[in-house]
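One structure below.
Every number in this text was worked out from the coordinates using simple rules, so none of it is lab data. Given the structure is predicted, the values throughout are model-derived calculations rather than measurements. Don't worry about glycine lacking a Cβ; one is built from the backbone with ideal geometry, like all the others, and counts go over all protein chains shown.
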Ligand SMILES: N[C@@H](CCC(=O)N[C@@H](CS)C(=O)NCC(=O)O)C(=O)O
């Protein structure tokens, strides 16, 4: 059976769990990382020398780097669904996956980090507002695309929607100023209607380090 290492609330872990859910794959998950620790043991480092999550093992095949994992799972188990048959659609999906990290992650993740994983007294609200605005500017590119497409590679969900979906869920939940993005909002609503998204990507994460920690612990026993 497929195995995955990672706490349920890790941004990159959520992406892989959602992928597994979309593909209806059975798996066994081991809780490591965050307050659970376990990443610096020799056993774990043999699997993933980076001491990061997620890591998967499919029979004897070990893989780390969340996006490589998602692409592997989609190609191996989701031909014609998460992995589109049309190479151009697969390339588009890939394009948006890379864009999620190169285009959006570096700008938006600090907003999330400040508003959830930083004590209120230590937050830099000027930086938060600045980065939220920058994120919105970047997102206008995605908006232009989603006004004409149901998902990033066309009419069906593909692997390229996954990293963006996990990030954008945070974007819509945080208390920040957001311009109106009808295309992105409709796409996000489509994701919210999917069972695998609801189950894996919509767990609460709180609005302070202590709430984050409480949800981290609670989430493991859902
Ligand atoms: N580029 C790596 C980044 C992995 C990463 O930074 N994972 C975070 C969690 S999402 C981590 O391992 N943090 C340490 C921890 O959870 O203790 C990937 O996409 O898999």
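Here is how the numbers come out for the structure above:
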{"quantity": "Bridge type composition, the chain - antiparallel percent by DSSP, nearest 5", "calculated": "60"}
{"quantity": "Cβ-based exposure ranking for 152, 116, in which fewest neighbours within 10 Å come first", "calculated": "116, 152"}
{"quantity": "Cα extents of the chain along the three principal axes, largest first (Å)", "calculated": "48, 46, 28"}
{"quantity": "Percent of C-alpha pairs per 5 Å bin, segment 87-212, short to long", "calculated": "2, 11, 20, 23, 20, 13, 7, 3, 1, 0"}
{"quantity": "Most mobile listed residue (208, 100, 121) in the chain, GNM with C-alpha springs under 10 Å", "calculated": "121"}
{"quantity": "Fewest-first ranking of 109, 159, 205, 61, using other Cβ atoms within 10 Å as the exposure measure", "calculated": "61, 109, 205, 159"}
{"quantity": "Segment 137-180 pair-distance distribution - Cα-Cα, 10 Å bins, rounded %", "calculated": "25, 55, 19, 0"}
{"quantity": "Gaussian network model of the chain, Cα within-10 Å springs - most flexible of 106, 160, 21", "calculated": "106"}
{"quantity": "Exposure proxy ranking, count of Cβ atoms within 10 Å, fewest first, for 221, 125", "calculated": "221, 125"}
